[in-house]
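To start, the structure under review is shown below, and the notes come after it.
Read-outs: derived from the displayed coordinates by stated rules, not from any lab. Computed from a prediction, not measured in an experiment: that's the story for all the values here. In this analysis, Cβ positions are derived from the backbone assuming ideal geometry, glycine residues included, and neighbour counts consider all displayed protein chains.
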Amino acid sequence: MRTTTVAIAAVVLSGGLLAGQEQKPVPKDSVRVSIPGCTKGYIFTAGRRTVDEPGSVSIPEGTHIRMNGPKKLIAELKAQEGSMIEITGVMKRGQYLPGGVGVGGGVRVSPGSGFPGGSSGSPVAGQVGIDLEGWRPVDGRCPSR
């Protein structure tokens, strides 16, 4: 009887683990992405894509992305600062496309905000964001400042 109980418990627990690994459905206005780069606090800086680590979208190198996610996941990423990683998460469609005109060296020129003083009043207005789902280490180095 004890063996049967243990076997049933093992099946129930393993089923729970498998269900926990399923990915959440992506809303229609969003897309799941994988991006190589480096973290510093809550900011992720997109790195250079390589042939063997291409990522899933074409985000220009040096693009800063605000990370949102569970505290435990953010803490794991903070421990990886200085190491190249690839994050996976959900972003709104089209928000990762750069606006304006590229003038070189990662510099883009775009129209002003239309507000007096050039600010919309929010420090994160217009900032690209990602809802994190996971990460993994990748080969490469983060640039030192």
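The table below gives the values:
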| quantity | calculated |
| --- | --- |
| Which of I74, I130 has the fewest Cβ neighbours within 10 Å, and the rest in rising order | I74, I130 |
| Cross-link table K24/K78; K40/K78; K40/K72; K71/K92, entries beyond 18 Å C-alpha to C-alpha | K24/K78; K71/K92 |
| G62 long-range amide H proximity, modeled H, under 5 Å | A46, G47 |
| S83 versus N68: modelled label distance in nm, points set 7 Å from Cα along the beta carbon direction | 2.7 nm |
